[in-house]
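The values are calculated or read from the model by the stated rules, or taken from the named source; none is laboratory data. Computed from a predicted structure; not experimentally measured. Note that each Cβ is placed from the backbone with ideal geometry, even for glycine, and that neighbours are counted across all protein chains shown. Accessible surface areas use protein heavy atoms only, side chains included; no ligands, DNA or RNA. Shrake-Rupley method; radii C 1.70, N 1.55, O 1.52, S 1.80 Å.
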Amino acid sequence: MNAVAVLAAALCGYLVGAVSPAVLLARSRHIDLRALGSGNPGATNVGRVLGFRWGATVALLDVLKGFLPAAAFGLAGEGLGLVAGAAAVVGHVSSPFLRGRGGKGVATAFGAILGVAPGWGLALLAVFVAVVGLTRWVALGSMSAAVALVVLSLVDGATAQVRVWAVFLALLILARHRTNVVTRWRAWRVYR
């Protein structure tokens, strides 16, 4: 891959990912997401604070943030699509416009996956929906889908670079949910 093209893919993906529809929508309604719900600038918290319709809208926009860079740069080569998609997720979770803060990265990662390996999208969505339906815990559904992404990359005959990319996205999503796990664990120990 050409170094200039890789840099362009990374920069474009990062900047697109760094734009936060959740924060922009909340600000337009004079709401500070940091002070409400979980304090997280993502679709799940928007759903909690503003209702399902707005949460779903933000989730769709977050998916597009991952899909568009991955799909567009993917037209020039799989590697560039992988770089742009991963950069969009990194931009989402550590936005310079939010002083390094960001969402959990799940919807943006899903969009990047649809841009690079669309066939995996339905399977990952099924895992997410099934786990959330059984447990009523969105974070567990997200983490389960992240693990399923790695499994898919191993069993579906993906290239080595796609497998590395899948592991990177999964680890990033799992790391972003560590506080959810700690909070749930503490609550479970208290009410046990």
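Below are the figures for this structure:
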quantity	calculated
Neighbours by Cβ (under 9 Å, 6+ apart or cross-chain): first from segment 129-149, surrounded by 13 or more Cβ atoms within 10 Å (Cβ to Cβ); second basic (Lys, Arg)	137/184; 139/104; 139/184; 140/184; 142/104; 142/176
Candidates 49, 58, 16 - the one that is open to solvent by less than 60 Å² (accessible area, probe 1.4 Å) and under 21 Å from residue 166 (Cβ atoms)	16
Answer from 139, 175, 145, 130 - the residue that is within 24 Å of residue 64 (Cβ to Cβ) and either touching a Gly at 6+ places or on another chain (Cβ under 6 Å) or at pLDDT 95 or above (or both)	145
Checking residue 16 against (1) free of Cβ contacts under 8 Å to residues at least 40 places away in the same chain; (2) within 12 Å of residue 92 (Cα to Cα), the condition it does not meet	(1)
Filter result for residue 122 (out of contact with any Gly (no Cβ under 9 Å at 6 or more places or on another chain) and free of Cβ contacts under 8 Å to residues at least 12 places away in the same chain)	yes
Lone qualifier among 86, 72 - being closer than 23 Å to residue 121 by Cβ, surrounded by fewer than 20 Cβ atoms within 10 Å (Cβ to Cβ) and either modelled with pLDDT of 95 or more or not acidic (Asp, Glu) (or both)	72
